[in-house]
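Each remark here refers to the structure printed beneath this line.
The values are calculated or read from the model by the stated rules, or taken from the named source; none is laboratory data. Everything quoted here is computed from the prediction, not taken from an experiment. Cβ placement follows ideal geometry from the backbone for every residue including glycine, while neighbour counts extend to all protein chains displayed. These accessible areas exclude ligands, DNA and RNA; they are computed on the full protein's heavy atoms, side chains included. Shrake-Rupley method; radii C 1.70, N 1.55, O 1.52, S 1.80 Å.
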Amino acid sequence: MATQLNNSVSKAFDILRLLGRGRQRISAADLVRELGMNAITAHRFLKTLEAEGALVQVSKGSFRLGYMLVDLGDRALEQDRLGQLLQPLLEDITRDLKEASMATIYQTGMVVCVARAMPQRSLSVDIRVGDRLEAYCTAHGKMWLAHVSPREREKYLSALKFEAFTNRTITARGELESEIDLSRDRGFSYNMGEREDGITAIAVPVLTSGGRMVAGLSMFGPTSRIDRDTLDSAIDRLKSAASEASVLLYGKGVAE
């Protein structure tokens, strides 16, 4: 028997998605023109979503997203819950690449490990769930800095006090900014022994359909085992896992 969907709920989400495409406000006229609703139905949906806190009226007939959705999003991406959802993907990555893998979130200039998977082989660094790592000298951190708002990035860089963890650590702002921009352009970032001698890592972002980064995924291991072929294989595998993660978090239709 085919699943019966509630059309009203589907229409409500269609309305909310209109505000996820670079648009800050919507009106009944937008719903009539873009969703094919009649004016009365469009007005009723907007007022209902406003009453539930999903929309806020900013002027007569004009609505923006309400912070109720932010609250729900924060609950969905809460650290423990997110880690539990991503753990099976990390286990698959580590099984396929035979190296450690990790998932992170970003909190006030630090990346936080929310899940990890370890291989059945030696590793000279042991990252644990809950560990906080510096952004500027990690693969995850560079990717997060490539996706935070320009204001957040400037705030971080202006306050940053560079410390050379190894002789490979980037300690010049201009060089770091170039690396961050390159990471965003190519869709992955490296850590070539910049935080721990002899450890190489590569990270990719997990994105919403609107391009917002909600998690980072990486592979890491001893530089002696990770050559160029390993890195190339890791890029494809991590990007595939990031796509799986987007579907896992947001559903197939939204992720596409």
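Computed values, structure above
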{"quantity": "Residue-level accessible surface for CYS113, protein heavy atoms, 1.4 Å, Å²", "calculated": "0"}
{"quantity": "Proximal aspartates and glutamates to LYS155, defined as alpha-carbon separation beneath 16 angstrom and excluding residues fewer than eight positions away on the same chain", "calculated": "GLU134, GLU177"}
{"quantity": "Mean ellipticity per residue at 222 nm, deg cm²/dmol - from DSSP H runs of n ≥ 4 across the chain, formula -39500 (n - 2.57)", "calculated": "-14500 deg cm²/dmol"}
{"quantity": "Surface/4 estimate of mean projected area, convex hull on alpha-carbon atoms of the stretch 204-245, nm²", "calculated": "3.0"}
{"quantity": "Cβ charges +1 (Lys, Arg) and -1 (Asp, Glu), total dipole of the chain, debye", "calculated": "880"}
{"quantity": "Folded to 0 to 90 degrees: helix 7-18 orientation relative to the chain principal axis, Cα", "calculated": "60"}
{"quantity": "Share of carbon and sulfur in the accessible heavy-atom surface of the stretch 154-256 [1.4 Å probe, %]", "calculated": "47"}
{"quantity": "Exposure ranking of LYS11, LYS142, LYS161 by accessible area [1.4 Å probe, largest first]", "calculated": "LYS161, LYS11, LYS142"}
{"quantity": "Surface per residue (accessible, 1.4 Å probe) for the stretch 140-235, Å²", "calculated": "47"}
{"quantity": "Span from the the stretch 52-70 Cα centroid across to the the stretch 164-182 one, whole angstrom", "calculated": "41"}
{"quantity": "Alpha-carbon spread of the stretch 105-256, three principal axes, descending order, Å", "calculated": "46, 42, 28"}
{"quantity": "Rounded to 10°, Cα long-axis angle of helix 173-186 versus longest principal axis of the chain", "calculated": "60"}
{"quantity": "For the chain, with +1 on Lys and Arg beta carbons and -1 on Asp and Glu, the positive-most of VAL112, ALA51, VAL129 along the dipole", "calculated": "ALA51"}
